[in-house]
Structure formats: C-alpha cells, structure tokens
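Just passing along the structure, written as structure tokens.
No lab work stands behind these numbers, since they all come straight from the coordinates. Worth saying up front: this structure is predicted, and the values here are computed from it rather than measured. With ideal geometry, Cβ positions are generated from the backbone for all residues, glycine too; neighbour counts draw on all protein chains shown.
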Amino acid sequence: SLASSDHLRHVESMTQLPSGAGQISHLNAVILGEPLASEENDLVFPSHDFSRQALVSSPEQYWKMYKRSVEDPAGFWSEIASQFYWREKWYPEVYSENIDVSKGTVKFEWFKGARTNICYNAVDQNVEAGNGGKVAIYWEGNEPGDDGQLTYAELLEKVCQLANYLKHVGVQKGDAVVIYLPMLMELPITMLACARIGAVHSVVFAGFSAESLAQRIIDCKPKVVITCNAVKRGSKAIHLKEIVDSALVESVKNGVPVGLCLTFENQSAMKREDTKWTEGRDVWWQDVVPQFPTKCAVEWVDAEDPLFLLYTSGSTGKPKGVLHTAGGYMVYTATTFKYAFDYKPSDIYWCTADCGWITGHSYVTYGPLLNGATVVVFEGAPNYPDSGRCWDIVDKYKVTIFYTAPTLVRSLMREGNEYVTRYSRKSLRVLGSVGEPINPSAWRWFYNVVGDSWCPISDTWWQTETGGFMITPLPGAWPQKPGSATFPFFGVQPVIVDEKGNEIEGECSGYLCIKRSWPGAFRTLYGDHERYETTYFKPFAGYYFTGDGCSRDKDGYYWLTGRVDDVINVSGHRIGTAEVESALVSHPQCAEAAVVGVEHEIKGQGIYAFVTLVEGVPYSEELRKSLILIVRNQIGAFAAPDKIHWAPGLPKTRSGKIMRRILRKIASRQLDELGDTSTLADPSVVDQLIALRDC
Ligand code: PRX
C-alpha cells in the first residue's frame, strides 16, 4: 500500500484544517477537514519529508493563500509582482477586467502602465544577483555525448549579441519575428533576444509543414525569419531550411515578402556547403551574430505590450494567433513554475516539451529562467538511441524535476521497466505531466516505476490561452488522485457549467469555465478580437470557456475529461478537425471529408478520417497514401490521419449538417450506441459505413 505509517501520520495532519474555510464552494473535504469520501487507496500522499520542506506544505497553507488570492487579487498579485524588476510601477490599479461580453468588449489588463522587460528579469537579474556563474542551460544533443552548457552570464552575452544584430537589421519594438528552430540553445536565446528589444516572437514548431509555416508568416508579417539548416531527430536528418525556403516563396506570392532569413548552421546535422541558399536574403548566423557587442540596452516595455504570438488550433480551419503580453505573463509563469514544482535553487529542471508549443514557452524558457533555474534543453528523441535515453539524461545532469506528457509516459511504459530501472534516477524529486488527461495506469507507472513511489506528480492542466498552470497539484500540500489535476492555482476560479451556462455546485460534470481574469491570460487573438470574444467568451456569457469537459468529485477534485469542441488532442498536440478536413478536400480526388478523434493507446487520441471520393474514382491503397501525404504536407507529420475510412456518403441531417456523433461511434466501434438515426437525410449511409469499416 502507498500509505505507510509515515503517510498515515501525515494524513492526520492533513485533515486538521482551518475552520471557516467554507465560503468557496469548490474547495473540498481535504481543505475543509471533513472526512474524505475516497477510499484510502485512491489517494497518494506526499511523504512527510517532502511536505515538510515544501513551499506549500499543507492544505491549510494553500487555503490561506488561495482565499487571499481570490478575495484580494490586487493585493495578492502586486505583492508577488514586487519581487520582479519594474522600471516604473503600475498605475492607477493593479488590474482591470471585463470578462462579460454582454457588458462590452472583453478586456484584461494587469500591471498596466508599469514598464519592465521579461528578458531583463530572466537573465540580467540573475547575473546581477551574483548568479552569473550558475548554469542556465544544459544542452543535450541528439547524439549522446554531444552536449553543451551556458551559464547565466554567458547566456546574457549570447542574447545581447543577437539582440544587437536584430536591431542592426532594423527590427524594432513591436515588430514580429518568426522563429522556426529545433531545440538548440539558440531557440531560447532567440526568444529572449526578441523580448529584450520589444520585438514580438512567433515560434512555429519545427514539425509544421511549409504551408503551415507560410500561413503563420502571412498572418503576422515578420521582418525576419530565424531558422537553422537542418536537425537530426533520431537517425533522420530534416532539412528545415528547405521548408522555410518554400514557405518564403509562398508568402511572397501572398504579398508578404520577408527580406531576411537568418540561418544557424547546425553542423552536426548538415554542412554549410550542402545548404540551398538565396543570396541577398539568407545570412549565416555564425557569420554575423558573434561580431556584435555582448552588451545591449534593454527596451523597457509596458506590461501590456505584446510579448509573443503563438498559433494554435481551434474548431475552424484557420489557426489562431494567441497573444500574450509582457508583465502579467512574466509574473504568472514564474509563480506557477515555482509553486507547482516546489522549485528550489538547487533543482535541475527538465521539461521535454519543444519551445514550439506553449509548454516550451512558459516552462522551458520563461518560467524557469525567471526563477534562476538550471534548465535542460534536449534536441533529440526520447527513444534514441534507445528507450532509456530520458533516464540516461536524468542521471547525467542529476535532474530533480522532470516534466513531460502522458503520451511519452505511455510509450515508454510499453517498452518495459528494464529501460528505466537500469538507471539510478536518485536525483528525481518531482514529476510533472501536461497536455492531456493522464490515465490512472500511466500515472501509476510514472509514479511507481519512474519516481520509485516517492516523487509527487504535478498533473498540470492549462492551455496555450491561459499562459500558465490553472489547475494543478501543489506537491506536498495535499494527497493526489491518479488522473486528477486536483485544485485550482492561486487566483484561478474554475466553475463547471451546464449546457445553459448555469454554474453547477458540488459533485458534477459539465463544461469547464473560468470566472475572473488572471495575470497570465491571453489578451486577444492577433488581428481578430471578434473571434476572441466569439470563441471564448460568448458560449457562456460572464465566463472564459476553456473548450474542455470536466467533472468534480465528492472531494472537490477536478478531473479533466478532454475537449468538447472539434479539437483533437494527439500526443498532447492540439489539432482542429477542420484543418485536417480542409487538407483532405484539397486533394483533387476527395469530394468530402469528416474527421473525428478516436481513442489511441499511446497518443491519447488518434485521427480518424471519413473520406468521400469524387464520383467514379475507385478506392486504392495508393490513394489512401496520397491523402495522408497531403495532410502531412499541409499541416505536418504529427497531424497525419491514423485511419482513412472510405465513405460513399456521410451521415447528414436534412439541413445538411454532418452528424459527428454517429461518426465518432462508428470510429470507436460502439455500434450499439449509434442512437437515433431516423433524423438523417439518408439513414442507409450508416449501414454502408459500417460495412466498409475494415476496407
Ligand atoms: O484539453 C486540454 C488539454 O490540452 C488542451 C490545451 O492544449 P494546448 O493549448 O496545446 O496546451 C497544451 C499544454 C498546456 C486543453 O484544453 N490538456 C492540457 N493539459 C492537460 C490537459 N487535459 C487534461 N489534463 C491536463 N493536465
């Protein structure tokens, strides 16, 4: 049993809680000191030793801080914000908000009027505090043995050189810079250099195709695109620069010429001589950047000035440019990082996410560096040269906090314990999970095998839009339930609403919304504030709608149940069904397509596509491959459908609406749960689809 006598003693101390803690309805029995409804063996307690040293070591302490954070957000957050450097303080108030679309434009502002710089706080401040010699980044290359490191002082110099170069080529405050880089140290360096001069970075995950990259370039019109010639992932070299070349040709065709493509020569993957080059536009990083001075003045920006854009998928075809601003995001990512991972200055932290996604923004680059942490940046693949690579890296750098995605946990779990137990992993003390719900069996394997049954797991629920953690365990503060993200972070007020938008109390299931703003919230969708309001604030007036389903159990724990919109979560990557459909129908032989998510053992969800061909075109294996290829080319390999299901027709209502509910049931083989099909324009299509399911 997980409950040793030490644990049990701890349970006692954990259930003696403050009186009068009942005003906030979502707080649970753990917090209120009532007996827990859960069986003892549903709960996993942090050890007494862990809790004793934790930043938040009891439900009571959490409760006090949480209560304050929601009753007096201005006081709570301004106290925390005062620990950062502000050139000028905010005025006249800490924050202002309108979350209710029926009362006018939705607007959140935090620390408005204050001037700061996130790069200054993340890098210079650490050097000035005497930690210039501390390692900021350990870099581990694709090949074991290929590695490097940068101290905070060295990081500052590298950031300044690039910042000076960018200024030299005319990049100014407010200009967009698109970054298409793999996990080299140059990726966080580039983000920080942009932030230093007030330029708005837009990192595009280097697994996106040329078309997706072009779409993002056309939307934000950058002055510069920064990339490298190639990267090796596992034994395969990917020529990133060629992808950028095609994207840049495409963007010229769309009236967005980009005059400069700064290219880092990644020698271990590809030589300079072999790289295709466009004279006049392309410049080698190594030829110019090192010539610039290692000091660069900081551009002080307003807390509400844009920091970055990050495109993410929604339920319609066009990706959304999620915009985060400098001040609130800085305070929020730093604070969530510190508490959710119980960060201490001696920690060595590794997050396996790529900086191309929000997790890499908030919890590879900004959150950890703002805390002066030592961060591991890994270029390669977790199963190369074999499935023990992660634990090899953990032992090599003595990683103490390891943060990853359930899909990786599941895929390593399948390879067997041997790959894990071969390594010591003694340094580990906190584990983290993000991107999708973690199923209890994967949770337990992560906890028992990887963490040797003594590292708490922070299952952090959040989104590109939220900037940082929203619902997350604070390791050390309360018992965990495998698969539950537990309770809200400070300042976050989650509510569960029904179809009509009424808040539901107590034990329930429904749609997860947030009431009130928080400092890390996105402020708009780039160039489309109307879509921002329509997508997030109109579905349930008065709330931010997350797009996720959620339930709350008897003890008040939150359980995320997945997306309730047309977004699929594949290996923690958000993919809009409409994006995949639009790629499929661009194939000349495809007449119509409908895409649904289907449960997948490793990826969480897989992509299942129903495809109707143009009249007279026969099904063939070749055609199936070319349909998959068109999705890879238009979005990226990670969005390739797992299954193409030939569909002579699609189930539609008489008004022509595709009934996805039926398609989901057919895809998941729940044929006895098809429900009422009599409202379909042609009910016989269902039988045809069932007959063709194995073709
Ligand atoms: O469905 C939720 C799921 O991922 C979505 C957000 O995706 P994205 O913006 O790409 O950000 C991923 C990294 C934060 C959410 O709407 N999700 C994320 N974390 C969890 C999760 N679902 C359950 N549990 C989580 N810990």
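Can you name the residue in the range 164-214 that is out of contact with any Gly (no Cβ under 6 Å at 6 or more places or on another chain) and among the basic types (Lys, Arg) and, of all such residues, is surrounded by the most Cβ atoms within 10 Å (Cβ to Cβ)?
Arg196
Let me ask another. Touching a residue at least 40 places away in the same chain (Cβ under 8 Å), in contact with a helix residue (DSSP H, G or I) (Cβ under 9 Å, 6 or more places away or on another chain) and under 28 Å from Leu408 (Cβ atoms): does that describe Ala541? Before you say what the answer is, go through the steps one by one.
Values: touching a residue at least 40 places away in the same chain (Cβ under 8 Å): yes; in contact with a helix residue (DSSP H, G or I) (Cβ under 9 Å, 6 or more places away or on another chain): yes; under 28 Å from Leu408 (Cβ atoms): no.
When the stated conditions are applied, Ala541 does not pass them.
May I ask you to say which residue of Tyr511, Tyr543, Tyr558 is among the aromatic types (Phe, Trp, Tyr) and more than 13 Å from the ligand (Cβ to nearest atom)?
Tyr543
Mind checking which residues of the range 469-486 are farther than 10 Å from Ala340 by Cβ and of a type in the set (Ser, Thr, Tyr)?
Ser484, Thr486
Considering only residues that are assigned to a helix (DSSP H, G or I) and among the hydroxyl-bearing types (Ser, Thr, Tyr), look in the range 402-417 and name the one that is nearest to Ser458 (Cα to Cα).
Checked the range 402-417; the qualifying residue nearest to Ser458 (Cα to Cα) is Thr407.
The rows are residues; the columns are (1) hydrophobic (A, V, I, L, M, F, W, C); (2) in a loop (DSSP other than H, G, I, E, B); (3) in contact with a helix residue (DSSP H, G or I) (Cβ under 7 Å, 6 or more places away or on another chain).
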residue: Tyr165; (1), (2), (3): no, no, yes
residue: Ile189; (1), (2), (3): yes, no, yes
residue: Ala193; (1), (2), (3): yes, no, yes
residue: Arg196; (1), (2), (3): no, no, yes
residue: Glu211; (1), (2), (3): no, no, yes
residue: Asp219; (1), (2), (3): no, no, no
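With respect to the numbered conditions (1) crowded, with 19+ Cβ neighbours inside 10 Å; (2) within 16 Å of the ligand (Cβ to nearest atom); (3) polar (S, T, N, Q), which one is the sole condition not fulfilled by Ser517?
Result: Ser517 passes all but (2).
What number of residues within the range 361-383 are touching a Ser or Thr at 6+ places or on another chain (Cβ under 7 Å) and assigned to a loop (DSSP other than H, G, I, E, B)?
1
Counting only residues that are crowded, with 22+ Cβ neighbours inside 10 Å, give me the strands (runs of 3 or more DSSP E) lying completely in the range 248-355 with at least 1 of them.
Passing ranges, in order: 260-264, 306-312, 320-325, 348-351.
Where residues in the range 362-399 are among the hydroxyl-bearing types (Ser, Thr, Tyr) and within 16 Å of the ligand (Cβ to nearest atom), which of them is farthest from Glu418 (Cα to Cα)?
Per the criteria, the residue is Tyr366.
For the condition within 15 Å of the ligand (Cβ to nearest atom), under 27 Å from Leu692 (Cβ atoms) and among the aliphatic types (A, V, I, L, M), what is the one hit in Val580, Val570, Val596? I'd like the intermediate steps shown before the answer.
Working: Val580 fails: within 15 Å of the ligand (Cβ to nearest atom); Val596 fails: within 15 Å of the ligand (Cβ to nearest atom).
It is Val570.
Working carefully through the options Val420, Val399, find the one that is farther than 23 Å from Trp559 by Cα and either assigned to a helix (DSSP H, G or I) or among the acidic types (Asp, Glu) (or both).
Step by step, each of Val420, Val399 is checked, and only Val420 is farther than 23 Å from Trp559 by Cα and either assigned to a helix (DSSP H, G or I) or among the acidic types (Asp, Glu) (or both).
Which count do you get for residues in the range 502-556 that are within 21 Å of the chain's Cα centre (by Cα) and assigned to a loop (DSSP other than H, G, I, E, B)?
8
Give me a count of the residues in the range 463-508 that are at positive phi and within 14 Å of the ligand (Cβ to nearest atom).
3
Take the residues in the range 346-361 that are within 17 Å of Leu431 (Cα to Cα) and of a type outside the set (Phe, Trp, Tyr), then tell me which one is nearest to the ligand (Cβ to nearest atom).
Thr359
Could you list all residues from the range 571-600 that are of a type in the set (A, V, I, L, M, F, W, C) and either under 17 Å from Thr316 (Cβ atoms) or in contact with a helix residue (DSSP H, G or I) (Cβ under 7 Å, 6 or more places away or on another chain) (or both)?
Listed by number, the residues that qualify are Ile575, Ala578, Val580, Ala583, Leu584, Val585, Cys590, Ala593, Ala594, Val595, Val596, Val598.
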